[in-house]
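Structure record follows, encoded as structure tokens.
The values are calculated or read from the model by the stated rules, or taken from the named source; none is laboratory data. Quantities reported herein were computed from a predicted structural model and do not represent experimental measurements. Cβ: placed from backbone, ideal geometry, glycine included. Neighbour counts: every protein chain shown.
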Protein chains: 4
Amino acid sequence: MIIIMKMQAKTGQVDAIIKRLEKENLKVNISRGDERTIIGVIGDHRGIDKGALTRTGGVDRIVPVLRPFKLASRDFQPEDTKISLNGHAFGGDKVVIMAGPCSVESMDQMMETAVQVKEAGAHLLRGGAFKPRTSPYSFQGMGEEGLKIMADVRKETGLHIVTEIMAPDQVDLICKYADVLQIGTRNMQNYALLNAVGKTDKPVLLKRGMMSTIEELLMSAEYIMSNGNHKVILCERGIRTFEKYTRNTLDINAVPVLKELTHLPIVVDPSHATGKWTLVKAASKAAVAAGADGLIIEVHPNPAEAYSDGEQSLKPKRFAELMVEVKRVAQAVGRSV
Amino acid sequence: MIIIMKMQAKTGQVDAIIKRLEKENLKVNISRGDERTIIGVIGDHRGIDKGALTRTGGVDRIVPVLRPFKLASRDFQPEDTKISLNGHAFGGDKVVIMAGPCSVESMDQMMETAVQVKEAGAHLLRGGAFKPRTSPYSFQGMGEEGLKIMADVRKETGLHIVTEIMAPDQVDLICKYADVLQIGTRNMQNYALLNAVGKTDKPVLLKRGMMSTIEELLMSAEYIMSNGNHKVILCERGIRTFEKYTRNTLDINAVPVLKELTHLPIVVDPSHATGKWTLVKAASKAAVAAGADGLIIEVHPNPAEAYSDGEQSLKPKRFAELMVEVKRVAQAVGRSV
Amino acid sequence: MIIIMKMQAKTGQVDAIIKRLEKENLKVNISRGDERTIIGVIGDHRGIDKGALTRTGGVDRIVPVLRPFKLASRDFQPEDTKISLNGHAFGGDKVVIMAGPCSVESMDQMMETAVQVKEAGAHLLRGGAFKPRTSPYSFQGMGEEGLKIMADVRKETGLHIVTEIMAPDQVDLICKYADVLQIGTRNMQNYALLNAVGKTDKPVLLKRGMMSTIEELLMSAEYIMSNGNHKVILCERGIRTFEKYTRNTLDINAVPVLKELTHLPIVVDPSHATGKWTLVKAASKAAVAAGADGLIIEVHPNPAEAYSDGEQSLKPKRFAELMVEVKRVAQAVGRSV
Amino acid sequence: MIIIMKMQAKTGQVDAIIKRLEKENLKVNISRGDERTIIGVIGDHRGIDKGALTRTGGVDRIVPVLRPFKLASRDFQPEDTKISLNGHAFGGDKVVIMAGPCSVESMDQMMETAVQVKEAGAHLLRGGAFKPRTSPYSFQGMGEEGLKIMADVRKETGLHIVTEIMAPDQVDLICKYADVLQIGTRNMQNYALLNAVGKTDKPVLLKRGMMSTIEELLMSAEYIMSNGNHKVILCERGIRTFEKYTRNTLDINAVPVLKELTHLPIVVDPSHATGKWTLVKAASKAAVAAGADGLIIEVHPNPAEAYSDGEQSLKPKRFAELMVEVKRVAQAVGRSV
């Protein structure tokens, strides 16, 4: 942290700050220019409220030097984290593919989808039993019955399950059935929920808030990790911008940025990031070309009858075509699917 | 809902859609132009997934006509909702003022603040005992001890209490102490939490998500109301934009827009909406001039030592000056404070 | 400027930077911490490309200390700039009101509007003869004929004229007729145009780009001023955000922020900032309450037949009502209209 | 266009609208539901101001059906436009690569860059002689001298030239030297400039405004095309969002969206879209994987001494590495470089 004093700051004000920092066991390094004094603060000051410090007499601005995350940081752990699951590892050479419908609707729908996405090469099955919907009048998911359907389909197909958790009190129930716990975009800063999944030992698929910065995504990963669970898979799923032709804007830059900042695996959700099935293939190829460790794609046997997200769901046949092309791109960047 | 068919849509495709809608007990109204057929859908179709319908053969686009909220809508209830509390009514002639620190830090801090904001004319005391912080390493609030402090201060000063609730399982605890339950910006779409506070009979201060639309804010109010609790106070607290000089951008337009769309009271949080104490007075006056029913303002006896939000907190003396000016603006628009 | 070196930066790299800065006649101030070296740069380095410097070996990040604008800065000129025109001064005690249609359409339309807005208390007449339209198929303005109409109306009513200039080669023509030159939102960073109006002696109404930060707005003012013309009136007219209920989001915070940063007068355009006539009154009152020095409002005798911006134009009668309420708010904040 | 009347609209109001539309030679198609009347408008109504029509008595909302662009639309021309230049065609099977420095700084700098990017496989040379800079105190470009340098380098290397035009009165000068005219992001809606380049026969590289929608980009192309010049190359160069880690957010979705909407070629600028040289390679590969027809990349022999954009410029060696990887991705999606 660097504290830039005002031009007219007085010596007493500088001394007061130094005293306060030393009280917190921080060392300082003073640089007195002709115009301003600049105070470099040495040591871990992540617990200090910078806003408050700004209000101390004579302070102009405060500039952070350290990144606010630690466990999630590549400085802290240079080598990539690998999260293994049923023989597939997030964060390794292979691009891991998760596919399935937005909502679990019936055994038939799930079984048909699972068989077909598996045949096309998918590694995990996605499906929501508890659905966060903007409207209280929309379908809210099948609940535990949906989880049971997924578990039955797993037994049959061998595909492991990714499903969303919406509240801390669902942890026990969902852990009984799911292999990967998904935190949805609207819950990325639901800290009670982050703390709860951080106390489990299940891998967590943490979706970026549609309104959250990359740094905030990493801070939310830090919440989970600081509770002991280091198996966090980050997911870029599109951010909200002024552009309205697509449902969201896929922040493809986030993939290489996250690769620089963190050792955690990064997957992309091209379905939500575009909102239109015709764009999903191009977005998937772009994601893999940019270095994503995986994809999570919505597939439904009959999108026109889907209970949710029909507009962005692929039919199984289209998904199979996508897989062929994604594999070629993966090979071009030195990976496999 | 209006369904615009593609230019090349076939008669059979139009018929298939009509059949499907009639199965849902919706009436249709067909307009066959030279180029396209347009299907008007009559009846309440809020439960249908428009995305899925878009995938039906021959459909080009779907245009909603009805607003997706009902209980919160002014169409449903033309007259303003008034929420009374300790002799003050949100949504009436009076502009209701809530003031206090971001975090409860100690009895001394709360008592000193409460006495001074009351003297300046505030009607309720704000203060956080459970704090949603971006970093797991920041101060997370005093918890129940903080709630007890607030209750003691209420007994002494008579000021009722607004405090934040972060998880469904905190409902019983917080309802024991608080007069108004605050839902923070990061939890605006935490549906488990909305359902939980919707089952209480406490007024709920629902903060707009920092990147949520006005319509989404009303849909979240609808969640609470559809659970039986109609005492929802909406709060505009600034949205996230590309402008970085301020912490957020106060969407002042939201005040008259919400007055058109809903009967619920609307308050403004000028502290978070600006992020800098020097801007809070101007933002407060603008909010009242635009028609806000109340203000929630951060005040701290010593912002330079605050555990959180020091940069945007007013000292009690500044708050008193603000109140004098806000009162004048309130009178100019036919209201009192 | 503060240069933060990487943890692993070598002494030779620090020396190389110091040498380079000294070559540019800048003094440096070195602070060697345990972990990093920090270089404070003293002197005016606005001409150095910070991006390039970032690429010098060993540099981690560069933090600006000086603001990039000078002539527009309140540090440079603490007292408010007043721009007088026909007995009215932008930047003084009075709130200056500009009103009129989006486009000049006919003599009758302009005369009728001018007479009525003058009667309601407006000080200047706005109207566009050259129109920047998103579509090449939309009405592009009457051109010089429109300017002549405005000049005739000025003769009759005494109202001075604000009109838009779209290209450097229009300067001579428009200066022949206009009293204030308006730079539209899409041209805020049209530097050839800024340089051209900077060489005239007419007041310039500089609209904030819908996608521009407050700092960029001041940099564009700086372009005009660095050409010799210091008569710049800044205009907040709404920014583009994710919210789509309104045409733009009025950044009301920008008013007090600009009052802190610059001595130039600030006006608000509540018509474009909302895009809906029903919201214009509330936005106007908010602007004046927040400290705006003026308003520019679209008024049309028959909005339903307007060639442009009909949706956000007020009828003269509504404008007169607005003026009554705006006057009250102005008085409440110690100003007059 | 579909006009949705208010619930309480009267028959006379509907009749008035029909009359007005018929006056404009538009046919109507009335659908009277139980609750509302809906008027479908048939014919080309692009010249009508929808905002004004909204103000006609009884109207609730207007929904456009036609897209506002015509010449740029794929409906108007289904097959891809190919723009040939020196043996390379934008919009064909080959991915066209433009590379070079942000600013022309000297003959040595340009020659060294040109020779190296050509060797690595680039097809055109980029370089700015007239620079739109946020600050009037930054380097503004070498002007005509810069153009001459580029022309000399072309003679030597055979690489054709892309350079920016900033004002209508530069058309003759720049056309004397340049092969492709670039319109910068800040000038995307500088209509005087669009009209001017539309009257030349040079290919135009039209950069998307950093906060312009895809539809607005196509409307700006339409301006150029409606002046007779159909050789427009669209360029996605990143948009402005709340994310601040990168300079801009590459809207990768825009590539497949534009491929659906228009027949014009689309290139991507990964340098501005990221703002950091370490991210340029990943963004380039993503762009090609998503279907881009070309790339425009900043390369500088010594970024640490660049007059502008040093932070995002690649050294020639890094550019050569990028080319190797981009070629592989191009092949994977059935194209060549």
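Go through the range D:219-256 and give me each residue that's among the β-branched types (Val, Ile, Thr) and within 7 Å of chain A (Cβ to nearest Cβ).
Step one: list which residues in the range D:219-256 are among the β-branched types (Val, Ile, Thr), which gives D:224, D:232-233, D:239, D:241, D:246, D:249, D:252, D:255.
Scanning the range D:219-256 gives D:Ile239, D:Thr241, D:Thr246, D:Thr249, D:Ile252, D:Val255.
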Are any residues in the range D:118-140 out of contact with any helix residue (DSSP H, G or I) (no Cβ under 6 Å at 6 or more places or on another chain) and modelled with pLDDT of 95 or more, and if so, which ones? D:Glu119, D:Ala122, D:His123, D:Leu124, D:Arg126, D:Gly128, D:Phe130
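Can you go through A:Phe69, A:Phe76, A:Phe130 and tell me which one is more than 30 Å from B:Asp49 (Cβ to Cβ) and crowded, with 22+ Cβ neighbours inside 10 Å? It would help to see each step written out before you state the result.
Details: A:Phe76 fails: crowded, with 22+ Cβ neighbours inside 10 Å; A:Phe130 fails: more than 30 Å from B:Asp49 (Cβ to Cβ).
Just one listed residue meets the conditions, A:Phe69.
Residues of the range A:4-32 being outside any loop (DSSP other than H, G, I, E, B), away from chain C (no Cβ under 11 Å) and in contact (Cβ under 8 Å) with a residue 12 or more places away in the chain, which ones?
A:Gln13, A:Val14, A:Ala16, A:Ile17, A:Ile18, A:Arg20, A:Leu21, listed by residue number.
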Filter result (out of contact with any Phe, Trp or Tyr (no Cβ under 7 Å at 6 or more places or on another chain) and among the basic types (Lys, Arg)) within the range A:86-132: A:Lys94, A:Lys118, A:Arg126
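Collect the residues in the range C:148-160 that are surrounded by fewer than 22 Cβ atoms within 10 Å (Cβ to Cβ) and either outside the structural domain of C:Ile233 (by TED's automatic domain parsing) or of a type outside the set (S, T, N, Q) (or both), keeping them in residue-number order.
Taking the range C:148-160 and keeping what is surrounded by fewer than 22 Cβ atoms within 10 Å (Cβ to Cβ), we get C:148, C:151-152, C:154-158, C:160.
C:Lys148, C:Ala151, C:Asp152, C:Arg154, C:Lys155, C:Glu156, C:Gly158, C:His160, listed by residue number.
Working only within the range B:31-62, note down all residues that are at positive phi and surrounded by 17 or more Cβ atoms within 10 Å (Cβ to Cβ).
Initial filter on the range B:31-62 (at positive phi): B:43, B:58.
Correct list: B:Gly58 only.
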When you scan the range B:69-82, do you find a residue that is free of Cβ contacts under 8 Å to residues at least 40 places away in the same chain and touching a strand residue (DSSP E or B) at 6+ places or on another chain (Cβ under 9 Å), even just one? no
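Going through A:Ala114, A:Ala178 one at a time, which residue ends up being small (Gly, Ala, Ser) and in contact with a helix residue (DSSP H, G or I) (Cβ under 6 Å, 6 or more places away or on another chain)?
Details: A:Ala178 fails: in contact with a helix residue (DSSP H, G or I) (Cβ under 6 Å, 6 or more places away or on another chain).
Only one candidate passes the filter, namely A:Ala114.
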Just to be sure before I move on: is A:Ile62 closer than 22 Å to C:Asp60 by Cβ, out of contact with any Asp or Glu (no Cβ under 8 Å at 6 or more places or on another chain), within 11 Å of chain B (Cβ to nearest Cβ) and of a type outside the set (Phe, Trp, Tyr) in the structure I sent? yes
Tally the residues that are under 18 Å from B:Gln116 (Cα atoms) and buried (at least 24 other Cβ atoms within 10 Å of the Cβ), restricting the search to the range B:281-309. 8
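Filter the helices (runs of 4 or more DSSP H) completely within the range D:123-224 down to those with at least 1 residues that are over 26 Å from D:Ala72 (Cα atoms) and not basic (Lys, Arg). Reasoning before the result, please.
Values: elements: D:144-157, D:171-177, D:191-198.
Fully inside the range D:123-224 and qualifying: D:144-157, D:171-177.
For every residue, the table says whether it meets (1) within 24 Å of B:Arg133 (Cβ to Cβ); (2) surrounded by fewer than 23 Cβ atoms within 10 Å (Cβ to Cβ); (3) of a type outside the set (A, V, I, L, M).
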residue	(1), (2), (3)
A:Arg208	yes, no, yes
A:Leu217	yes, no, no
A:His230	yes, yes, yes
A:Cys235	yes, no, yes
A:Thr262	yes, no, yes
A:Ile266	no, no, no
A:Pro270	no, no, yes
A:Lys276	no, yes, yes
When (1) buried (at least 18 other Cβ atoms within 10 Å of the Cβ); (2) under 29 Å from the mean Cα position of the chain (by Cα) are applied to A:Ile4, the one that fails is (2)
Against the condition part of a helix (DSSP H, G or I) and either of a type outside the set (Gly, Ala, Ser) or under 19 Å from C:Pro303 (Cβ atoms) (or both), how does D:Arg61 come out, does it pass? no
In the range A:308-330, is there at least one residue being acidic (Asp, Glu) and modelled with pLDDT under 95? yes
Going through A:Phe139, A:Phe130 one at a time, which residue ends up being within 14 Å of chain B (Cβ to nearest Cβ), of a type in the set (Phe, Trp, Tyr) and within 18 Å of A:Ile183 (Cβ to Cβ)? A:Phe130
Among the residues of the range C:136-183, how many are under 29 Å from D:Gln170 (Cα atoms), of a type in the set (Ser, Thr, Tyr) and more than 22 Å from the chain's Cα centre (by Cα)? 2
Just checking, which of D:Glu112, D:Glu164 is in the same structural domain as D:Gly310 (by TED's automatic domain parsing) and free of Cβ contacts under 8 Å to residues at least 40 places away in the same chain? D:Glu164
Testing A:Val117 on (1) farther than 22 Å from B:Ser308 by Cα; (2) within 14 Å of chain B (Cβ to nearest Cβ), one condition comes back false. Which one is that? (2)
Using the structure shown, decide if D:Gln189 is surrounded by 21 or more Cβ atoms within 10 Å (Cβ to Cβ) and away from every other protein chain (no Cβ under 13 Å). no
Reported set for the range C:152-191 where residues are among the hydrophobic types (A, V, I, L, M, F, W, C), over 23 Å from C:Gly238 (Cβ atoms) and in contact with a Ser or Thr (Cβ under 8 Å, 6 or more places away or on another chain) is C:Val171, C:Ile174, C:Cys175, C:Ala178
With the first residue restricted to the range B:33-57 and required to be hydroxyl-bearing (Ser, Thr, Tyr), and the second required to be in a helix (DSSP H, G or I), Cβ contacts under 8 Å at 6 or more apart or on different chains are B:Thr37/B:Val14; B:Thr54/A:Gly310; B:Thr54/A:Glu311; B:Thr56/A:Ala304; B:Thr56/B:Gln13; B:Thr56/B:Ala16; B:Thr56/B:Ile17; B:Thr56/B:Arg20
